[in-house]
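The structure under discussion appears below in the form of structure tokens.
The values are calculated or read from the model by the stated rules, or taken from the named source; none is laboratory data. Computed from a predicted structure; not experimentally measured. Using ideal geometry, Cβ is built from the backbone for each residue, glycine included, and neighbour counts are taken over all protein chains shown. For the accessible areas, the whole protein counts, side chains as well, though only heavy atoms, and no ligand, DNA or RNA atoms are used. Shrake-Rupley method; radii C 1.70, N 1.55, O 1.52, S 1.80 Å.
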Amino acid sequence: MVPTITWQDNYVVMIDQRKLPFKESYVVCKSAAQVIEAIRKMVIRGAPAIGVAAAMGLALGARRIETNNRSTFERRFLRICEQMAKARPTASNLFWAIKSMQVVVKQHPEANAPELKDLLRQKADELLAADQAAGYGTALGVVRAAWEAGKNIRVLADETRPFLQGSRLTAWELQQDNIPVTLITDSMAGYLMSKGRVQLIVVGADRVAANGDVANKIGTYSLAVLAKENKVPFYVAAPLSTVDLSVPAGDEIPIEERDPREVTHSLGQAIAPAGIAAWNPAFDVTPSRFIEGIITEAGIARKPYRKTLRALKQD
């Protein structure tokens, strides 16, 4: 697997996922602002990776705060956290990582500014190591585990308009792992379900509410409804850091709206009439009633989700 993000010479280096699979290039971030911009522009994507990038960006930003005064350092660090929080408002892991870094500051009230910089770097390294140890990510992790267990599977990967993560990234990653994969357009999924070609659906998540409602890439809700109609089990795979018990239900999850140009253009080329209006909500919310189970690193949560998700988070 190609490393998604790493440290290099005290800079944050991440593979540019916008260029895959056609070109393997890297973006070097020398400031927190550059990490924020990379997250916002989807240089890096995927819930766990966004969280790790946020933590590393905050550690990088803390390192660049030029003061030895703790109160001044803390005030400037919190300002960077506020800026980081605006990068991707739907992504729960972003806020989880920010909170994790803020906790470091709160738990060391006697530490001076230089000591806090070291502690924040250590925390970012810890989160990076934990993500690398998990290795597989989320929804693809379920697929990889099934393949390694010897199950006879073939993946039908949706293209995932408008940013084409499915065709550019998911299909490429599966191909790299020699897992059989067939690319389909988003609009083919229902037809293939109706023909019995789909036995199970696994999607990722950017935020899971306390009641089990799930915010994920736009189009997930449609898949869930089609799965229900065709009696296909529909699962969500997400790390516990994506479960946000502070949000009671999905209708309270903020939905990020992105540049309409992502709809009117593809890979830099116009695919719509010049000047046409376009709408680009990046996520939708799938109600928990459509979800068979939520697969986490601590086990599978099933209905009633308010009870089972809380139990997994507390273990």
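General observations
- Spans of helices (runs of 4 or more DSSP H) in the range 208-315 with at least 2 residues closer than 27 Å to A145 by Cα: 220-229, 305-314
- Any pair with Cβ under 6 angstrom, 6 or more apart, that starts in the range 150-173 at a residue that is under 13 Å from V198 (Cα atoms) and ends at one that is of a type outside the set (A, V, I, L, M, F, W, C) and outside any helix (DSSP H, G or I): R154/P180; L156/T182
- In the range 194-203 there is at least one residue matching the filter, namely being open to solvent by 40 Å² or more (accessible area, probe 1.4 Å), at pLDDT 95 or above and part of a helix (DSSP H, G or I).
- Elements of type helices (runs of 4 or more DSSP H) in the range 92-163, at least 2 residues being surrounded by fewer than 20 Cβ atoms within 10 Å (Cβ to Cβ) and modelled with pLDDT of 95 or more: 92-106, 113-134
- Residue in the range 213-226 that is under 23 Å from W96 (Cα atoms), in contact (Cβ under 8 Å) with a residue 24 or more places away in the chain and open to solvent by 50 Å² or more (accessible area, probe 1.4 Å) present: yes
- Filtered by the rule that a residue be among the aliphatic types (A, V, I, L, M), farther than 20 Å from Q17 by Cα and open to solvent by 50 Å² or more (accessible area, probe 1.4 Å), the range 172-190 gives a lone residue, M188.
- Selection count, the range 43-76, where residues are surrounded by 21 or more Cβ atoms within 10 Å (Cβ to Cβ), without any contact (Cβ under 8 Å) to a residue 40 or more places away in the chain and either among the small types (G, A, S) or not in a loop (DSSP other than H, G, I, E, B) (or both): 1
- Scan the range 12-25 for residues that are exposed (fewer than 15 other Cβ atoms within 10 Å of the Cβ) and not basic (K, R) and the total you get is 4.
- Flag if D206 is at pLDDT below 95 and among the charged types (D, E, K, R): yes
- The residue pairs whose first member lies in the range 101-119 and is free of Cβ contacts under 8 Å to residues at least 40 places away in the same chain, whose second member is in a loop (DSSP other than H, G, I, E, B) and surrounded by fewer than 16 Cβ atoms within 10 Å (Cβ to Cβ), and whose beta carbons are closer than 9 Å, counting only pairs six or more residues apart or on different chains, are E115/H108; L119/Q107; L119/H108.
- In the range 8-37, the residues that are of a type in the set (S, T, N, Q), under 19 Å from Q132 (Cα atoms) and free of Cβ contacts under 8 Å to residues at least 40 places away in the same chain: Q8
- The residue list A85, A49, A62, A55 contains one member that is under 20 Å from K123 (Cβ atoms) and touching a strand residue (DSSP E or B) at 6+ places or on another chain (Cβ under 9 Å), which is A49.
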